[in-house]
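Below is one structure, written out as structure tokens, with a few remarks after it.
The values are calculated or read from the model by the stated rules, or taken from the named source; none is laboratory data. Remember, predicted model here, so these are calculated numbers, not experimental data. Cβ atoms come from the backbone with ideal geometry, glycine included; neighbour counts cover every protein chain shown. Protein only, heavy atoms only, side chains kept; ligands, DNA and RNA dropped before computing areas. Shrake-Rupley method; radii C 1.70, N 1.55, O 1.52, S 1.80 Å.
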Amino acid sequence: MKEQAILIMTSEGPPGPGLRSAAPSSGWTKLFQARDYYLDLSYKHDGQQGLLLGQLLCEGKASVGAAKLTLVDPEGTPLQTEEVVPNTGFRLVVGDVAAHRLLLTLDQTTFEVALS
């Protein structure tokens, strides 16, 4: 079953000083909600490669049996899959972020995460 992750907040431009990176780059930060979880996601491009950085956040007693992120190309072919541990960071290498889709799977439910 596929659902849409809810975009709660977005910020354009590189992260500010003291955040994930103070190096000049282009990118954005977005916060999504999927069930009782929040996906804190940042994209940055340093001229050579694009990176998706983030973490799956949960508070209280929310627990998930299995969580994974899948980066999918425009044809729907999975490019990268990563198991995600709540409250722990992850990193995915991407090319053109606008040409990809991100899927977050929590147990049996898959959420589409809008990258552009």
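A few points about this structure:
- Some residue of segment 29-37 being touching a Ser or Thr at 6+ places or on another chain (Cβ under 6 Å) and within 19 Å of Gly13 (Cα to Cα): yes
- Sole exception among (1) open to solvent by 50 Å² or more (accessible area, probe 1.4 Å); (2) within 13 Å of the chain's Cα centre (by Cα); (3) at pLDDT 90 or above for Thr77, by number: (2)
- For first residues located in segment 104-116 and at negative phi and of a type in the set (Gly, Ala, Ser), partners that are loosely packed, with under 13 Cβ neighbours inside 10 Å and outside any strand (DSSP E or B) and lie 6+ apart or on another chain with Cβ distances below 7 Å form the pairs Ser116/Ala98.
- Segment 1-22 - residue that is of a type in the set (A, V, I, L, M, F, W, C) and open to solvent by 20 Å² or more (accessible area, probe 1.4 Å) and, of those, modelled with the lowest pLDDT: Ala22
- Total residues in segment 80-116 satisfying the condition of being within 14 Å of the chain's Cα centre (by Cα) and either over 26 Å from Gly47 (Cα atoms) or not in a strand (DSSP E or B) (or both): the figure is 18.
- Cβ-Cβ under 9 Å pairs, at least 6 apart or on other chains, segment 40-54 side farther than 13 Å from Gly13 by Cα and open to solvent by 60 Å² or more (accessible area, probe 1.4 Å), far side in a strand (DSSP E or B) and aliphatic (A, V, I, L, M): Gln49/Val93; Gln49/Val94
- Condition broken by Ser25, with the remaining ones in (1) at pLDDT below 55; (2) within 15 Å of Thr110 (Cβ to Cβ) satisfied: (2)
- Test: residue in segment 57-73 that is assigned to a loop (DSSP other than H, G, I, E, B), in contact with a Cys (Cβ under 9 Å, 6 or more places away or on another chain) and open to solvent by less than 70 Å² (accessible area, probe 1.4 Å): yes
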